[in-house]
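What follows is a single structure, written as structure tokens, with notes after it.
The values are calculated or read from the model by the stated rules, or taken from the named source; none is laboratory data. Everything numeric here is computed off the predicted structure, so don't read it as measured data. So basically every Cβ, Gly included, is an ideal-geometry build from the backbone, and we count neighbours across all protein chains shown. Keep in mind that these areas ignore ligands, DNA and RNA; they rest on the heavy atoms of the full protein, side chains included. Shrake-Rupley method; radii C 1.70, N 1.55, O 1.52, S 1.80 Å.
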Amino acid sequence: VTAQQTLRLLSEEISEQKVVMQDTIGSYKHFFDEIPVGIMGIDDLGQRNFVNEALAGICRLSIVALDEIQDIANKIPDTTQRASSESQVICGDGNVHQLDIFTVERQGKRGIKDGIWVIIADRTDEKLKDEQLAQASKLATLGQMSTEIAHELNQPLNVISLCQASI
């Protein structure tokens, strides 16, 4: 009877732990899908086994772009637990995107490395804004120079004009 009770209690505890584990997995899945940076999971054999929604959006659902990011991530030197690369990737919209690609060691059972997590940040808009800001700065400098040149030319012309009026 006590063995049956113990077995029943253990069975109930296993069922409760299963529910807790499913909730935790659901929470992590929601987190990975809602985070605003791209995340890719690559196993220890170098195969992609996870892509979150943000990365699918960055790549514009292009398998070619995903493959290129995976190749870049696999080539990042594994000298530390964290490494990064700045890369240009042609995405599904046909445009070149400036991506910061970071890799972090993924740990499996007993803390043994079983692949890498790849974190991708799309910096295309920032780079475009930087280029536009640099262009605006150049135009402002050109405007200031032209104003100064006009002033330098007008000074002697004013003197000549006054001399002509006197004559």
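Values for this structure:
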{"read-out": "Residue that is most open to solvent (accessible area, probe 1.4 Å), among those in the stretch 57-76 that are over 15 Å from Gly46 (Cβ atoms) and modelled with pLDDT under 85", "value": "Leu61"}
{"read-out": "Filter result for the condition that a residue is surrounded by fewer than 12 Cβ atoms within 10 Å (Cβ to Cβ), of a type in the set (Gly, Ala, Ser) and under 22 Å from Ile72 (Cβ atoms), over Gly115, Gly111, Gly143, Gly94", "value": "Gly94"}
{"read-out": "Which listed residue is modelled with pLDDT of 85 or more, part of a strand (DSSP E or B) and open to solvent by less than 60 Å² (accessible area, probe 1.4 Å), from Ala121, Ala83", "value": "Ala121"}
{"read-out": "Any hit, the stretch 6-26, residues being assigned to a loop (DSSP other than H, G, I, E, B) and of a type in the set (A, V, I, L, M, F, W, C)", "value": "no"}
{"read-out": "Residue tally, condition within 30 Å of Val89 (Cα to Cα) and open to solvent by 70 Å² or more (accessible area, probe 1.4 Å), over the stretch 11-42", "value": "6"}
{"read-out": "Counted residues, the stretch 43-56 - those being open to solvent by 70 Å² or more (accessible area, probe 1.4 Å) and assigned to a loop (DSSP other than H, G, I, E, B)", "value": "3"}
